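Working notes, structure below.
The values are calculated or read from the model by the stated rules, or taken from the named source; none is laboratory data. For clarity, every value in this text was computed on a predicted model and none was experimentally measured. Note that each Cβ is placed from the backbone with ideal geometry, even for glycine, and that neighbours are counted across all protein chains shown. Ligands, DNA and RNA are excluded from the accessible area calculation, which covers all protein heavy atoms including side chains. Shrake-Rupley method; radii C 1.70, N 1.55, O 1.52, S 1.80 Å.
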Amino acid sequence: MTAKKKWTFIGLAAAAVLLVPWMVMLAMTLPGRTTVDHWPLAWTGLDVLMAAGCAATALLGLRADPRARLTASATASMAVLDAWFDITTADSGSALLQAVGCAVAEAALAGACVYLAVGKGRCGTRVPS
C-alpha cells in the first residue's frame, strides 16, 4: 500500500470518528418538524439521479466496460438513500405503506447494483473480440 493511499484511509477513519459528535449534535438540535422549500424538485432530482445511474450502468455494462462497477455502486447508494428518505419522511398510515413498497423496489435495485459492482460477471470484464 502506498503512503498516499494509507493516509487517505487514515483520513477516512478520522472523518468517521469526527462525524459521531456531529450526528449527536444534529440529533439533539434539529427540529422534529420543518417546512421544506422545493420539495418536489428534491424528490424528482433524486429519482433523476437514480435513473441516470441505471442508464449509465446499463450502457457501460452492455459494453463490458469495467467502469460499470463504479456506476452500479453509486446507483446502489442512491437507491438506499431514496428508500431511507421515503420511509423516514412518510406520514403514518397509507403514506408509510406506500413508502415501504417503494423501499422494497429500491432495495431490489440496490441489491442488483451491488451484485454488478462486486460480482465476477461480465460487468467488469472486457469480452475479447
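Mind counting the residues in region 10-30 that are open to solvent by less than 90 Å² (accessible area, probe 1.4 Å) and outside any helix (DSSP H, G or I)? Count: 0. Annotation note: of Asp65, Asp91, the sole residue that is in contact (Cβ under 8 Å) with a residue 24 or more places away in the chain and not aromatic (Phe, Trp, Tyr) is Asp65.
How many residues are among the charged types (D, E, K, R) and either modelled with pLDDT of 95 or more or more than 15 Å from Thr89 (Cα to Cα) (or both) when one looks only at region 1-46?
In the first step, residues of region 1-46 are kept if they are among the charged types (D, E, K, R); the result is 4-6, 33, 37.
After this cut, where a residue has to be either modelled with pLDDT of 95 or more or more than 15 Å from Thr89 (Cα to Cα) (or both) as well, the list is 4-6.
Residues flagged as among the charged types (D, E, K, R) and either modelled with pLDDT of 95 or more or more than 15 Å from Thr89 (Cα to Cα) (or both) within region 1-46 amount to 3.
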